[in-house]
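The values are calculated or read from the model by the stated rules, or taken from the named source; none is laboratory data. None of the values given here were measured: they were computed from a predicted structure. All Cβ positions, even for glycine, are placed from backbone atoms using ideal geometry, and neighbour counts span all protein chains on display. We work out accessible area using only protein heavy atoms, side chains counted, and drop any ligands, DNA or RNA first. Shrake-Rupley method; radii C 1.70, N 1.55, O 1.52, S 1.80 Å.
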Amino acid sequence: MQFGFLLEQVVNGLVLGGYYLLIALGLSLIFSVGGVVNLAHGAFYALGAYASVELTKYLGFGPAVVISPLAVALLGILFERFILRRFYTADPILSLLVTFGLAMVAEQAIRIIWGAAPLSASMPPAFRGSIILGDFLFSRYRVMLLAVVAVVLLGVWLLLHKTSFGRVVRAGIQRPDMVAALGIRLQPYMTAIVMLGVGMAAMGGAFFAPITIVHPAMGAEIITVAFVVVVIGGLGSFWGVVIAALLVGVVRGITIHFLPAAGEASIYVLMFLVLLVRPRGLLGERIEKFE
């Protein structure tokens, strides 16, 4: 029974890691390509959750979790065009300050529109209940979440490694000067990356709303963990972020099993240990500034 319960915590940790992955991967891509520290990334995650809760009332869960990330991704076009684009060649501290201010504005806007009280998101009836395998008990909804994260991860990997778009993006991360010398403008690619990044964050908010608390400060809470995941994984590394997100989720899940009060602290201890051994992160690459 003890082993089965521990295994359940590990799988719960993988679900938590997938949750972090949807947010951290987009954050890493935006910084790697544009050199912009986007502290407003958590606000798009919160918007995805709130939009999903609202749309579920009228359209149902399925359409809501599809439409809300797409709507937030379109909002990302305006975000990139009128805000981020001004800071690609500027000191990263400027983008950090501006996006931090934008995150605060977004949080207050959510309070004005939806109120300060937490909202409840309903779980679809088809995914309620549990799957029982011997002593192993696991939520059907969490199994679905693992499948969704796996599909999204595969889709993003194929986009970045099997398409001409992905080749330009990866070249822009590693050698932006050579991309510019070939006459390729990274601006349109950056717009697409921002759309992809904020869309994944919104998807995380939409899909995980039924098992988390939907409240105005949820974006500020998740952005810190997302940065920890990016730092542990290493900037510019797709698989580094993937491994770091799953590792952080599992470590936190197991720690909560043995020491519930140390669950939050465990991820920062993990970051300290990784950076102590490997300052670039697990699979970090050398990053040059986007021009």
Name the one entry in Leu39, Leu78, Leu102 that is surrounded by fewer than 22 Cβ atoms within 10 Å (Cβ to Cβ), touching a Phe, Trp or Tyr at 6+ places or on another chain (Cβ under 9 Å) and either aliphatic (A, V, I, L, M) or without any contact (Cβ under 8 Å) to a residue 12 or more places away in the chain (or both). Leu102
Just a yes or no: is a residue in the stretch 238-250 of a type outside the set (Asp, Glu), without any contact (Cβ under 8 Å) to a residue 12 or more places away in the chain, surrounded by fewer than 22 Cβ atoms within 10 Å (Cβ to Cβ) and part of a helix (DSSP H, G or I)? no
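Here's the yes/no breakdown for (1) part of a helix (DSSP H, G or I); (2) within 15 Å of the chain's Cα centre (by Cα); (3) of a type in the set (Asp, Glu):
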residue	(1), (2), (3)
Leu14	yes, yes, no
Leu22	yes, yes, no
Leu27	yes, yes, no
Lys57	yes, no, no
Pro69	yes, yes, no
Leu74	yes, no, no
Phe79	yes, no, no
Ala90	no, no, no
Would you tally the residues in the stretch 13-26 being under 9 Å from Met200 (Cβ atoms) and hydrophobic (A, V, I, L, M, F, W, C)? 4
Candidates Ile67, Ile23, filtered to the one that is open to solvent by 10 Å² or more (accessible area, probe 1.4 Å) and β-branched (Val, Ile, Thr): Ile67
If I ask for residues that are within 16 Å of Leu119 (Cα to Cα) and of a type outside the set (Gly, Ala, Ser), which ones from the stretch 178-218 would you list? Phe207, Phe208, Pro210, Ile211, Thr212, Ile213, Val214, His215, Pro216, Met218
Within the stretch 205-217, is there a residue that is part of a loop (DSSP other than H, G, I, E, B), under 24 Å from Ala147 (Cβ atoms) and touching a residue at least 12 places away in the same chain (Cβ under 8 Å)? yes
Given the conditions (1) within 18 Å of the chain's Cα centre (by Cα); (2) of a type outside the set (Ser, Thr, Tyr); (3) outside any helix (DSSP H, G or I), and given that Ala46 satisfies all but one, which numbered condition is not satisfied? (3)
Here are some residues: Leu154, Leu160. Which one is more than 19 Å from Leu27 (Cβ to Cβ) and within 22 Å of the chain's Cα centre (by Cα)? Leu154
For Ile267, which of the numbered conditions (1) aliphatic (A, V, I, L, M); (2) touching a residue at least 60 places away in the same chain (Cβ under 8 Å); (3) buried (at least 17 other Cβ atoms within 10 Å of the Cβ) fails to hold? (2)
First in the stretch 184-199 and closer than 24 Å to Leu154 by Cβ, second anywhere and among the hydroxyl-bearing types (Ser, Thr, Tyr) and part of a helix (DSSP H, G or I), Cβ under 9 Å, 6 or more apart: Ile193/Ser32; Gly197/Ser28; Val198/Tyr45
